[in-house]
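Chemist: Could you have a look at this structure, given as structure tokens, before my questions?
The values are calculated or read from the model by the stated rules, or taken from the named source; none is laboratory data. Quantities reported herein were computed from a predicted structural model and do not represent experimental measurements. Counting neighbours? That spans all protein chains shown, and the Cβs are built from the backbone with ideal geometry, glycine included.
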Amino acid sequence: FDNDRINRLPDDILVAILSFLSPIEAERTSVLSSRWINLWKHTSSLKRYNEYTLLVDEVTQWLEYASAKKVPILELNFSPKFDESLSYPGLTCAFPHEFLARSISVDFKPLKALTLEYIDVDGGAIEFFLRNCPLLEELIVHESKELSIVEVCGSSLVLKRLEICYCRNLKLVRVSAPNLVSLTVQSLEELLIENVPMLVELSLPWGFGEISGENLCNAISCCNLQLEVLNLSVLKNPEVS
Amino acid sequence: MAAETGTPTTLTLKSNDDELFSVAESAAILSVTIRNMVEDGCAGGVIPLDNVDGKTLASVITYMNGISAIPADEEKKKSYRDKFLSDKDFETLADMVLAANYLNMSCLMDAVSAKIAQVMEKKSVGWVRRKFGIENDYTPEEEAAVKEEHKWTFEGVETDDDN
């Protein structure tokens, strides 16, 4: 080669360059030659890449990555606390809904646990994951602005743990999951429990709104016999007490 | 320039092929390496930069002067960097990234790294090998195995038969 100047750069500089590629592009360089096989593993792609692309692309990239790698556990947390250099409107990241629509090749079958934080998933996306992840045992969604109606219903669901919290526009969570053991929702008003014969732990950590003994009993009437743990966190109004 | 406000301090930089360059201290201290030398009082005479050749140093100084003339406006600085790098070939970019690393100039280092990364995007393995002068030292079996392991990263990438 008459021009191999780039290839003669030291490893640490090549790693710095690869850090500006998306995770997928960086990993592909492993095929270039034996010297490059592990360079991409040293990149901090996520951090650098943020400055040069939109976060929503990044959610897509990680979903593609998780799908291709057939990961059993996927946690995506786009909390601004994790990286103070990030700033995006509303402090949550848009969810690439078109990704779910276009991707016939996407495979989430091996997924057993999914956590999405600070990502604006809607009810349709939740249904997508429930439908396409037959092994899903744990689903956690925090801080989505787009979530208003969630239906977690299906006789074949193996879901054991469901947590939906800090979603300011949430209106309804309908739950009918025969294997559900633990359920956490932000408040009682939104909750519609149907078939949950295995539910032993119910948590209501976000005690906004009033919880009277009566509406609590109504809400959990179908499962109060087998409940073992009930976590309530209620904001007390001092004037009334 | 304006004599009554005092002449701005000028530094003399020497490349590894013995070319001498004059540059305003205010621009040169974009390099943390040079700034440290100035702060340590080593900048009285000539500052030798043993890892940078004259051609590259001239280019870096152009960048130092250009970027330090722009007031604190990240947009304008970025567009200056884009323009500055737009006509540079790979050979020059490789020299620049080495110089930026040695001189500890993170803004230039990041800009050149991003530029090199940008041209790699979506390009075939063969293209990158050719452009970067990378000799494929895998056996056909090894290459097939590495490709298989990372095959998901090849979706949407240009293909070429020239491996």
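Chemist: Under 6 Å by Cβ, and 6 or more places apart or on different chains, what pairs join a residue from segment A:1-25 that is crowded, with 19+ Cβ neighbours inside 10 Å with one that is of a type in the set (K, R)?
Modeler: What qualifies is A:S19/A:R48; A:F20/A:R48.
Chemist: Go through B:A99, B:A114 for me and flag whichever is within 17 Å of the chain's Cα centre (by Cα) and at the interface with chain A (Cβ under 7 Å from one of its Cβ atoms).
Modeler: B:A114
Chemist: Turning to a different aspect of this structure: Being over 15 Å from A:L232 (Cα atoms) and polar (S, T, N, Q) is the filter here; which residues of segment A:157-208 pass it?
Modeler: A:N169, A:S176, A:N179, A:N195
Chemist: Would you confirm whether or not segment A:136-155 contains a residue that is more than 9 Å from the chain's Cα centre (by Cα), assigned by TED's automatic domain parsing to the domain that holds A:T60 and in contact (Cβ under 8 Å) with a residue 60 or more places away in the chain? Explain how you work it out, then say what you get.
Modeler: First pass over segment A:136-155, keeping only residues more than 9 Å from the chain's Cα centre (by Cα): A:136-138, A:143-155.
Next cut, assigned by TED's automatic domain parsing to the domain that holds A:T60 only: A:136-138, A:143-155.
Checking the rest, the ones that are also in contact (Cβ under 8 Å) with a residue 60 or more places away in the chain come to A:143.
There is at least one residue in segment A:136-155 that is more than 9 Å from the chain's Cα centre (by Cα), assigned by TED's automatic domain parsing to the domain that holds A:T60 and in contact (Cβ under 8 Å) with a residue 60 or more places away in the chain.
Chemist: Something else about it: State yes or no: is A:E64 at the interface with another protein chain (Cβ under 10 Å from one of its Cβ atoms), modelled with pLDDT under 85 and part of a helix (DSSP H, G or I)?
Modeler: Values: at the interface with another protein chain (Cβ under 10 Å from one of its Cβ atoms): yes; modelled with pLDDT under 85: yes; part of a helix (DSSP H, G or I): yes.
So A:E64 fits the description; yes.
Chemist: Also, I was wondering about something else. Which pairs have Cβ atoms under 6 Å, sit 6 or more apart or on different chains, and link a residue in segment B:133-149 that is free of Cβ contacts under 8 Å to residues at least 12 places away in the same chain to one that is among the acidic types (D, E) and surrounded by 12 or more Cβ atoms within 10 Å (Cβ to Cβ)?
Modeler: The qualifying pairs are B:G133/A:D4.
So that you can scan it fast, the table gives a plain yes or no per residue for (1) in contact with a strand residue (DSSP E or B) (Cβ under 7 Å, 6 or more places away or on another chain); (2) crowded, with 21+ Cβ neighbours inside 10 Å:
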site	(1), (2)
A:I119	yes, yes
A:G123	yes, no
A:E143	yes, yes
A:S148	no, no
A:Q186	yes, yes
A:L191	yes, no
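So that you can scan it fast, the table gives a plain yes or no per residue for (1) aliphatic (A, V, I, L, M); (2) touching a Leu at 6+ places or on another chain (Cβ under 8 Å):
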{"site": "B:A24", "(1), (2)": "yes, yes"}
{"site": "B:M37", "(1), (2)": "yes, no"}
{"site": "B:A58", "(1), (2)": "yes, no"}
{"site": "B:A69", "(1), (2)": "yes, no"}
{"site": "B:E75", "(1), (2)": "no, no"}
{"site": "B:L85", "(1), (2)": "yes, yes"}
{"site": "B:K88", "(1), (2)": "no, no"}
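Chemist: Among the residues of segment B:127-149, is there at least one that is at pLDDT 90 or above, within 8 Å of another protein chain (Cβ to nearest Cβ) and under 19 Å from B:N51 (Cα atoms)?
Modeler: No, that holds for no residue.
Chemist: If a residue has to be buried (at least 16 other Cβ atoms within 10 Å of the Cβ) and at pLDDT 85 or above to count, how many in segment A:196-223 make the cut?
Modeler: 4
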